[in-house]
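Visitor: Encoded as structure tokens, here's the structure I'll be asking about.
The values are calculated or read from the model by the stated rules, or taken from the named source; none is laboratory data. What you see is a predicted model; the values in this text were computed from it and never measured. Here Cβ is always computed from backbone atoms with ideal geometry, including for glycine, and neighbour counts include all displayed protein chains.
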Amino acid sequence: MVKEQLYDRGISDGRVLEAMLRVPRHIFLGHKAGSEAYSDHSFPIGYSQTMSQPYIVGYMAEQLELTGDERVLEIGTGSGYTTAVLASLAHEVFTVERIPELTARATGHLHELLFTNVNVMSDDGACGWPEHAPFDRMLLTAAAKKVPKALLLQLADGGIFVGPVEREDGQQELVKLRRDGNEFSIERLMDCSFVPLVREGSASPGLAAGGQSERHGG
Ligand code: SAH
């Protein structure tokens, strides 16, 4: 997986490659998943949600430019796999998931693998986690029409946000924002396909779109 799906496709941050060599992806899909867990696509994890494709996890982790000292906020814990990769690369990870059953399952797997630098909360992640702000890095793993303002306010000066947003044509793109005081610079990274960021009171999440086309599935 790491050689063919990450390294050969241009992921070159040695710390990211090493972290993804170490974190056992199959654990986050349940022990029966076996080697299929390492194949080149996103995976259904129940509740119409998906575990992100290995390439997109590696790509987003690389774009976060983690050196090991950062406090990271992740929105959309899902299976907990991306959380484990982030926890291997950063000082501390705070992760928020709106579906309590997924939160519980991910917490169990992260404990099983002895991660001690992860904090998991079941809530609407679009509000961030104000008690622990500011965060040096933020990763959103569900697509929003706009990056929620609460998240931008909780990003530290000099911090980096990576996540998918919906364009007007309905297509999603992965963007990278960098905060400089009250200014945010934006870099458009690639087209992508993530499940929607669900807000309180909005309709059901709909079908997971990951992995159906050449777009990279989150
Ligand atoms: N990185 C995860 C991908 C999870 S898919 C993995 O590799 O497993 C995106 C997740 O975002 C889903 O689990 C979904 O339930 C969650 N999500 C959607 N809207 C949310 C919200 N408002 N707050 C928190 N989590 C949300």
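Visitor: Take GLY80 and decide whether it is near the ligand (Cβ under 8 Å from one of its atoms) and under 18 Å from LEU139 (Cβ atoms).
Guide: yes
Visitor: Oh, and also: Has the range 7-22 got at least one residue that is of a type in the set (D, E, K, R) and under 20 Å from ALA143 (Cβ atoms)? Outline the logic, then answer.
Guide: Of all residues in the range 7-22, those of a type in the set (D, E, K, R) come to 8-9, 13, 15, 18, 22.
With under 20 Å from ALA143 (Cβ atoms) added as a condition, the list becomes none.
No, the conditions are met nowhere in the range 7-22.
Visitor: I would also like to ask the following. For the range 159-185, name all the residues that are over 20 Å from the mean Cα position of the chain (by Cα) and either part of a strand (DSSP E or B) or of a type in the set (Gly, Ala, Ser) (or both). Show your work before the answer.
Guide: Residues of the range 159-185 over 20 Å from the mean Cα position of the chain (by Cα): 168-170, 180-185.
The answer is GLY170, ASP180, GLY181, GLU183, PHE184, SER185.
Visitor: Can you spot a residue in the range 170-179 that is surrounded by fewer than 19 Cβ atoms within 10 Å (Cβ to Cβ), modelled with pLDDT of 95 or more and within 13 Å of the ligand (Cβ to nearest atom)?
Guide: no
Visitor: Return the residues of the range 129-146 that are within 13 Å of the ligand (Cβ to nearest atom) and either of a type in the set (Asp, Glu) or within 14 Å of the chain's Cα centre (by Cα) (or both); say none if nothing qualifies.
Guide: Passing the criteria: MET138, LEU139, LEU140, THR141, ALA142, ALA143, ALA144.
Visitor: Report, by residue number, each residue of the range 14-42 that is of a type outside the set (A, V, I, L, M) and crowded, with 19+ Cβ neighbours inside 10 Å. Show your work before the answer.
Guide: So in the range 14-42, the residues of a type outside the set (A, V, I, L, M) come out as 14-15, 18, 22, 24-26, 28, 30-32, 34-36, 38-42.
Scanning the range 14-42 gives ARG25, PHE28, SER42.
Visitor: Filter the range 151-192 down to the residues that are under 25 Å from GLY217 (Cβ atoms) and polar (S, T, N, Q) and list them by number.
Guide: Answer for the range 151-192, where residues must be under 25 Å from GLY217 (Cβ atoms) and polar (S, T, N, Q): GLN171, GLN172.
Visitor: Here is a follow-up. Considering only the range 104-120, I want to know if a residue exists there that is free of Cβ contacts under 8 Å to residues at least 24 places away in the same chain, among the hydrophobic types (A, V, I, L, M, F, W, C) and on the phi > 0 side of the Ramachandran plot. Give the derivation first.
Guide: Filtering the range 104-120 down to residues free of Cβ contacts under 8 Å to residues at least 24 places away in the same chain leaves 104, 108, 111, 114, 116.
Those still in the list that are among the hydrophobic types (A, V, I, L, M, F, W, C) too: 104, 114.
Still in the list and also on the phi > 0 side of the Ramachandran plot: 114.
Looking for residues that are free of Cβ contacts under 8 Å to residues at least 24 places away in the same chain, among the hydrophobic types (A, V, I, L, M, F, W, C) and on the phi > 0 side of the Ramachandran plot, one finds at least one in the range 104-120, hence yes.
Visitor: On the phi > 0 side of the Ramachandran plot and touching a Pro at 6+ places or on another chain (Cβ under 6 Å) - does that describe any residue in the range 48-61? Walk me through how you get there before you give the answer.
Guide: Narrowing the range 48-61 to residues on the phi > 0 side of the Ramachandran plot: 48.
Among the residues that remain, those that are also touching a Pro at 6+ places or on another chain (Cβ under 6 Å) are: 48.
Looking for residues that are on the phi > 0 side of the Ramachandran plot and touching a Pro at 6+ places or on another chain (Cβ under 6 Å), one finds at least one in the range 48-61, hence yes.
Visitor: Now for a different question. Can you pull out the residues in the range 102-148 that are assigned to a loop (DSSP other than H, G, I, E, B) and of a type in the set (Gly, Ala, Ser)?
Guide: Those that are assigned to a loop (DSSP other than H, G, I, E, B) and of a type in the set (Gly, Ala, Ser): GLY128, ALA133, ALA142.
Visitor: In the range 37-63, what residues are within 14 Å of LEU139 (Cα to Cα), away from the ligand (no atom under 13 Å from the Cβ) and of a type outside the set (D, E, K, R)? Quick ask: steps written out before the conclusion?
Guide: Keep residues of the range 37-63 that are within 14 Å of LEU139 (Cα to Cα), which gives 52, 56-63.
Filter once more, keeping what is away from the ligand (no atom under 13 Å from the Cβ): 62-63.
Across the range 37-63, the qualifying residue is only GLN63.
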